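As structure tokens, the structure follows; a few thoughts come after it.
The values are calculated or read from the model by the stated rules, or taken from the named source; none is laboratory data. All values reported here derive from a predicted model rather than from experimental measurement. In this analysis, Cβ positions are derived from the backbone assuming ideal geometry, glycine residues included, and neighbour counts consider all displayed protein chains.
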Amino acid sequence: MRTVVCGVGNAMKGDDGIGPAVISELKKELDTKLDPEELMLLDCGTAPENFIGKITWFDPERVVIVDAADTGSEPGTVSVIDTGQIVGERISTHNLPLDMFVKYLRDMFRNSLEVVFIGAQPNGSVFGNPLSEDGHRAVQEIKRRVMELL
């Protein structure tokens, strides 16, 4: 299944960098196994909407979005969140709601696109701080879950 994995977040803001860290780990893990016809890994930073063109060009069947998500759970908790639940909700730590990004993707692909959102509860997102221990554990857990999807 042609899949795009989008890591969303700011690597300079502690656990807000969980998404980009997952992309980095997946690139290391899949270095020689990566089939560019079947898998695209994107570090989208804080603006995944800027990658709509690349995603559309790749023509995936599934998009996996990985981000820090304020779910109110314990720091480092990883959750697969139904994208229907993020409509109108502010679970992402970014200013632009991810529901707009998901809606745009679904509209572009006429609702035939599977969208999976994997979030991790951050343990702080202060500019200049590295990932916390909870954040590192979440990155490894998300990497494992994404690998299971591939």
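Condition check: over 16 Å from the mean Cα position of the chain (by Cα) and either farther than 21 Å from R2 by Cα or at pLDDT below 85 (or both). Does G124 satisfy that?
yes
Where residues in the range 38-64 are touching a residue at least 60 places away in the same chain (Cβ under 8 Å) and in contact with a helix residue (DSSP H, G or I) (Cβ under 8 Å, 6 or more places away or on another chain), which of them is farthest from L26 (Cα to Cα)?
Restricting to residues being touching a residue at least 60 places away in the same chain (Cβ under 8 Å) and in contact with a helix residue (DSSP H, G or I) (Cβ under 8 Å, 6 or more places away or on another chain), the top hit is R62.
Please work out if V102 is over 22 Å from E141 (Cα atoms) and under 15 Å from the mean Cα position of the chain (by Cα).
The answer is yes for V102.
So, in the range 98-150, exactly how many residues are in contact (Cβ under 8 Å) with a residue 24 or more places away in the chain, in a helix (DSSP H, G or I), under 19 Å from L41 (Cβ atoms) and among the charged types (D, E, K, R)?
3
Scan E74, E29, E37 and give me the residue that is modelled with pLDDT of 95 or more, of a type in the set (D, E) and over 21 Å from M100 (Cα atoms). Show your work before the answer.
Working: E29 fails: modelled with pLDDT of 95 or more; E37 fails: modelled with pLDDT of 95 or more.
Answer to the selection: E74.
Counting just the residues of the range 90-121 that are more than 25 Å from R2 (Cα to Cα) and loosely packed, with under 14 Cβ neighbours inside 10 Å, which one comes out modelled with the highest pLDDT?
L96
Checking L41 against (1) in contact with a strand residue (DSSP E or B) (Cβ under 7 Å, 6 or more places away or on another chain); (2) in a loop (DSSP other than H, G, I, E, B), which single condition isn't satisfied?
Result: L41 passes all but (2).
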